[in-house]
Amino acid sequence: MSTVVDDDASAEFHAFFERHHAELARLAHLLTGEPDAADDLAADALLALWHRWDRVRDADYPVAYARGVVANLARTRIRSAVRERRRVALFWSGRDERSEDPDVPAVVDVQGALRELPFRKRACVVLRHAFDLSEKDTALTLGISVGTVKSQTSKGLAELERRLGPGERGGRTPGRVRAVGATVEGGRR
């Protein structure tokens, strides 16, 4: 009898995987800014879900749970990268290799500006505008309150607006974030 349950669980998980892998990889890409790591993070998240599939499949919002796992893995990856950069900076801090005329890019793209946002603001903006999630779904995904989602999204968009300036032909920042989400989705398939 246990094989039937295991086969059913396996089939359910496989269907869940097929339905949501691309979305989870896109979320990982937008949160970390690392296209090469996106599939790995999504796979790691799905592996973690598989190990807890008996509980996850009974959850009210299994997709929100999966997005939360991806967000937590992305946060861990970002923190690890920051620690590594600090170590490298300490190693090279004795050298003074500054140039007189630094090459400052004229235009900051949306992905670059998103990477500069603190993680929670970035996650709220990406989930709300690139994934078109409701405030409630975003809150469920990140494990925070709806009020926090509202404030972090608002502050994140304001910060992006300051960083990016007005869009071409009056384009609004949320629209540009949606466009980046669509571009990443198109490139991931």
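Conditions tested, residue by residue: (1) at pLDDT below 85; (2) at negative phi.
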| site | (1), (2) |
| --- | --- |
| 81 | yes, yes |
| 84 | yes, yes |
| 90 | yes, yes |
| 110 | yes, yes |
| 139 | no, yes |
| 154 | no, yes |
| 170 | yes, no |
| 189 | yes, yes |
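Filter the range 125-136 for residues that are open to solvent by 30 Å² or more (accessible area, probe 1.4 Å) and either closer than 19 Å to residue 113 by Cβ or modelled with pLDDT of 90 or more (or both) and give the result.
Within the range 125-136, 128, 134, 135, 136 meet the criteria.
Search the range 137-164 for residues being touching a residue at least 40 places away in the same chain (Cβ under 8 Å), in a helix (DSSP H, G or I) and closer than 20 Å to residue 61 by Cβ, and hand back the single one that is least open to solvent (accessible area, probe 1.4 Å).
As a first pass, look at the range 137-164 and keep what is touching a residue at least 40 places away in the same chain (Cβ under 8 Å): 137, 140-143, 159-160, 163-164.
Adding the requirement that they be in a helix (DSSP H, G or I) leaves 137, 140-142, 159-160, 163-164.
Now restrict to residues that are closer than 20 Å to residue 61 by Cβ: 137, 140-142.
Working: 137: 54, 140: 73, 141: 8, 142: 31 Å².
My answer is 141.
Residue-wise test of (1) surrounded by 15 or more Cβ atoms within 10 Å (Cβ to Cβ); (2) modelled with pLDDT under 95; (3) under 16 Å from residue 76 (Cα atoms).
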site: 14; (1), (2), (3): no, yes, no
site: 20; (1), (2), (3): yes, yes, no
site: 30; (1), (2), (3): yes, yes, yes
site: 34; (1), (2), (3): yes, yes, yes
site: 37; (1), (2), (3): yes, yes, yes
site: 43; (1), (2), (3): yes, yes, yes
site: 52; (1), (2), (3): no, yes, no
site: 56; (1), (2), (3): yes, yes, no
site: 59; (1), (2), (3): no, yes, no
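The values are calculated or read from the model by the stated rules, or taken from the named source; none is laboratory data. Given the structure is predicted, the values throughout are model-derived calculations rather than measurements. All Cβ positions, glycine included, derive from the backbone under ideal geometry; neighbour counts span all protein chains shown. Calculation scope for accessible area: heavy atoms of the full protein, side chains included, ligands and nucleic acids excluded. Shrake-Rupley method; radii C 1.70, N 1.55, O 1.52, S 1.80 Å.
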